[in-house]
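Trainee: Before anything else, here's the structure in question.
The values are calculated or read from the model by the stated rules, or taken from the named source; none is laboratory data. Values in this document were obtained by computation on a predicted structure and should not be read as measured data. No Cβ is skipped: glycine too gets one built from the backbone with ideal geometry, and neighbour counts run over all protein chains shown. Please note that ligands, DNA and RNA were not included when accessible areas were found on the heavy atoms of the full protein model with its side chains. Shrake-Rupley method; radii C 1.70, N 1.55, O 1.52, S 1.80 Å.
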Amino acid sequence: MVEIKDTLGLWERSLIAWPDGREDRTTFVAWLQGPKLFADLRQPANPPSFDGVSCLNDLEPHHLGWLAQQEGFAGHLVQTGDAFEWRRAIDFQCPGDAVDAGYLAFSDGMLIERGRDIPYIEHWHHTSPNLDPHFAARMRTEDGLLGFLVRVGDIFMYVRNRAGALPHGGSLAEFVKASSPQDARALLDCEISLGRVRDGSWLIGRSSLPFRVRSDLAPTFSRDCETITVCDVTAAGAPFTRQWTIVDLDVCDRQQNLSGSGHDDGVLSIFRSMTGRA
């Protein structure tokens, strides 16, 4: 039987199929699972060129439709009986009534997911050979934005919600299509970035905001481990530092036992090792 600890790391999807014969093998899908918190990014094939786009305000109308087709979310993975639920705190698309729940089983090294409430099957492949260090943080800004930072080995995902909530049950693509370019950009201003830690730099390789690709997230923890700052860019392209307050530290039981509990020196040392900065 699969347990949450068995899902730790980065998973990439090769297939989703439905009972009516439809299937998708081309969408890029990556799910990064921490001890409990997770992040997920899904991007359709054949993106337009984003050459020359360096900030939100540079996005042109021909970019907006493709961006609105993206999916992604972040939240808390829980096990309920034999099923798993991905409880979303942030969703790139409009929230709906359906529960994201499925049954997981391994087959020849592949993780098979079968929908619990909605019939589908997904094939997942583990693509992160290194699992240490692994931990995550749920965060909030002073003005109420919610964010997540998940790292497993040298892979990380960073998620920042948009400033305004999307309507429940609506279609993001339709809202973007019906909006002015300025309003459409605001609707799409939800960052889900996937990257790799190399030589102390946190380099973004994919993002729901493609102008963030090749940027260094450069997270820094405060000495009391209460806040995180990351490098960001304004809608007009000016670099700035965004500060987050940590509201939940997601550390595995083994690390917790080694390091103590709460924001003590042990946990602080773990999170310093996560960024290499303090």
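Trainee: Just to be sure I understand, how many residues within region 177-193 are open to solvent by 10 Å² or more (accessible area, probe 1.4 Å) and either assigned to a helix (DSSP H, G or I) or at pLDDT below 95 (or both)?
Mentor: Of the residues in region 177-193, 8 are open to solvent by 10 Å² or more (accessible area, probe 1.4 Å) and either assigned to a helix (DSSP H, G or I) or at pLDDT below 95 (or both).
Trainee: Still on this model: Is one or more of the residues making up region 132-148 at pLDDT below 95, under 30 Å from PHE106 (Cβ atoms), among the hydrophobic types (A, V, I, L, M, F, W, C) and in contact with a strand residue (DSSP E or B) (Cβ under 9 Å, 6 or more places away or on another chain)?
Mentor: Yes - at least one qualifying residue is present in region 132-148.
Trainee: OK, next. Among the residues of region 8-44 satisfying the criterion of being of a type in the set (Lys, Arg) and touching a Leu at 6+ places or on another chain (Cβ under 9 Å), which is least open to solvent (accessible area, probe 1.4 Å)? First the steps, then the outcome.
Mentor: Looking only at region 8-44, we keep the residues that are of a type in the set (Lys, Arg), and these are 13, 22, 25, 36, 42.
Filter once more, keeping what is touching a Leu at 6+ places or on another chain (Cβ under 9 Å): 25, 36.
Numbers: ARG25: 151, LYS36: 89 Å².
Here the answer is LYS36.
Trainee: Restricting to region 12-48, what's the tally of residues that are charged (D, E, K, R) and outside any loop (DSSP other than H, G, I, E, B)?
Mentor: Step one: list which residues in region 12-48 are charged (D, E, K, R), which gives 12-13, 20, 22-25, 36, 40, 42.
From the residues that got through so far, the ones that are outside any loop (DSSP other than H, G, I, E, B) too are 12-13, 23-24, 40, 42.
Residues in region 12-48 being charged (D, E, K, R) and outside any loop (DSSP other than H, G, I, E, B): 6 in total.
Trainee: Would you mind finding the one in ARG196, ARG242 that is closer than 25 Å to PRO133 by Cβ, out of contact with any Gly (no Cβ under 8 Å at 6 or more places or on another chain), in contact (Cβ under 8 Å) with a residue 40 or more places away in the chain and open to solvent by 40 Å² or more (accessible area, probe 1.4 Å)?
Mentor: Values: ARG196 fails: out of contact with any Gly (no Cβ under 8 Å at 6 or more places or on another chain).
Result of the check over ARG196, ARG242: ARG242.
Trainee: I'm trying to understand the selection: among the residues of region 80-94, which are surrounded by fewer than 15 Cβ atoms within 10 Å (Cβ to Cβ) and assigned to a loop (DSSP other than H, G, I, E, B)?
Mentor: Hits for region 80-94 are GLY81, ASP82.
Residue-by-condition table, conditions (1) open to solvent by less than 30 Å² (accessible area, probe 1.4 Å); (2) part of a helix (DSSP H, G or I); (3) touching a strand residue (DSSP E or B) at 6+ places or on another chain (Cβ under 8 Å):
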site: PHE50; (1), (2), (3): no, no, no
site: SER54; (1), (2), (3): no, no, yes
site: ALA74; (1), (2), (3): yes, no, yes
site: VAL78; (1), (2), (3): yes, no, yes
site: GLY96; (1), (2), (3): no, no, no
site: ILE118; (1), (2), (3): no, no, no
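Trainee: Right, another one. Among all residue pairs at least 6 apart or on different chains, which show Cβ distances below 6 Å where the first residue, located in region 47-75, is closer than 18 Å to ARG214 by Cβ and the second is in a strand (DSSP E or B) and open to solvent by less than 40 Å² (accessible area, probe 1.4 Å)?
Mentor: CYS55/VAL233
Trainee: Ok, one more. Where residues in region 135-155 are over 20 Å from GLU226 (Cβ atoms) and out of contact with any Asp or Glu (no Cβ under 9 Å at 6 or more places or on another chain), which of them is least open to solvent (accessible area, probe 1.4 Å)?
Mentor: ILE155
Trainee: With the condition kept exactly as written, say whether any residue in region 100-112 is open to solvent by less than 20 Å² (accessible area, probe 1.4 Å) and within 26 Å of PRO219 (Cβ to Cβ).
Mentor: No, every residue in region 100-112 fails to be open to solvent by less than 20 Å² (accessible area, probe 1.4 Å) and within 26 Å of PRO219 (Cβ to Cβ).
Trainee: Could I ask something else about it? Listed residues ARG116, ARG87, ARG140, ARG162; which is farther than 21 Å from ASP250 by Cβ and in contact with a Leu (Cβ under 8 Å, 6 or more places away or on another chain)?
Mentor: Working: ARG116 fails: in contact with a Leu (Cβ under 8 Å, 6 or more places away or on another chain); ARG87 fails: farther than 21 Å from ASP250 by Cβ; ARG140 fails: farther than 21 Å from ASP250 by Cβ.
None of the others qualify; the one that does is ARG162.
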